[in-house]
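Below is one structure; the comments refer to it alone.
What follows is calculated from the coordinates using simple rules that are stated; it is not laboratory data. Keep in mind that this is a model prediction, so the values were computed, not measured. Reconstructed Cβ throughout: ideal geometry from the backbone, glycine too, with neighbour counts over all protein chains shown.
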Amino acid sequence: MADIVTNHKARRDYHILETFEAGIVLHGTEVKSLRAGKGQITDAFARVEKDEVWLYNAHIDEYSHGNLQNHQPKAPRKLLLHRSEIRKLFALASVKGHALVPLAFFWKNGKVKVALAVGKGKQQFDKREELKRQESDRELKRAQMHRFKGR
């Protein structure tokens, strides 16, 4: 599973509660642009509207060799999920403080898929605490590696 585009801000800003794999409706040159790695989903989010899930603010650059029928870079895109998954997403996302956040675009069997997560927003102190924990883990690994090299 090779990631095309990843959302690095998602894991920093949200506690990931549950993830889903969704298909995405793409038109014409959008797939070619993604194949070239020209996309960005750091500010993207999803919503459940009328029993459908839509992805907003996902930027897929216009294809460089496209013509007049090139796609709109920030157009809303429909996500393809089973009805039971949509109901579950709606129930999880309707809780205050929860959001539907795309984690990555990736290839699966020649098709573009979206890793969609239900996340609970982190507070500023949660982010600082996590940074401290990561730094202490890094220091511990450094000390262990230094000890092993000394032998």
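Under 23 Å between alpha carbons, and skipping anything fewer than 8 positions from Lys127 in its own chain: which lysines qualify?
Cross-link targets: Lys9, Lys96, Lys141.
Work out the FRET efficiency for Ala91 and Ala143 from their Cβ-Cβ distance, taking R0 = 41 Å, and round it to the nearest 0.05.
0.35
For the pair Glu21/Glu130, report the inter-label distance in nm, with labels modelled 7 Å from Cα in the Cβ direction.
About 2.4 nm separates the two model spin labels.
Pop the C-beta distance of Glu62 and Asp3 into the FRET formula with R0 = 30 Å and round what comes out to the nearest 0.05.
Result of the calculation: an efficiency of 0.90.
For mean projected area of the Cα convex hull in nm², which listed value, (1) 12.3; (2) 13.1; (3) 10.1, comes from the coordinates shown?
(1)
Run the quick spin-label model on Thr42 and Arg83: label points 7 Å from Cα toward the beta carbon, then report their separation in nm to one decimal.
With each label point 7 Å from Cα toward Cβ, the separation is 4.0 nm.
Would you compute, from DSSP H runs of 4+ residues alone, the mean residue ellipticity of the chain at 222 nm, taking -39500 (n - 2.57) per run and dividing by the full residue count, rounded to the nearest 500?
-10500 deg cm²/dmol
Given Ala143, His59, Gly97, which one lies farthest toward the positive end of the charge dipole of segment 52-147, if we put +1 on the Cβ of every Lys and Arg and -1 on the Cβ of every Asp and Glu?
Ala143
Between Arg12 and Glu52, 0.36 nm times their residue separation minus their Cα-Cα distance comes to what?
Stretched fully, the Arg12-Glu52 segment lengthens by 11.7 nm.
Nearest 10 degrees is fine. How inclined is helix 124-149 to the longest principal axis of the chain, computing both from alpha carbons?
Roughly 60 degrees, rounded to the nearest 10.
Quick check: the angle from helix 83-93's long axis to the longest principal axis of the chain, C-alpha only, nearest 10 degrees?
Long axis of 83-93 versus the principal axis of the chain: about 50 degrees.
For segment 48-62 and segment 75-97, what is the separation of their C-alpha centers, rounded to whole Å?
The two parts, judged by their Cα centres, are 11 Å apart.
I want to verify a result. In a Gaussian network model of the chain, Cα cutoff 10 Å, which of these has the top mean-square fluctuation: Arg47, Arg138, Arg87?
Maximum among the listed residues: Arg138.
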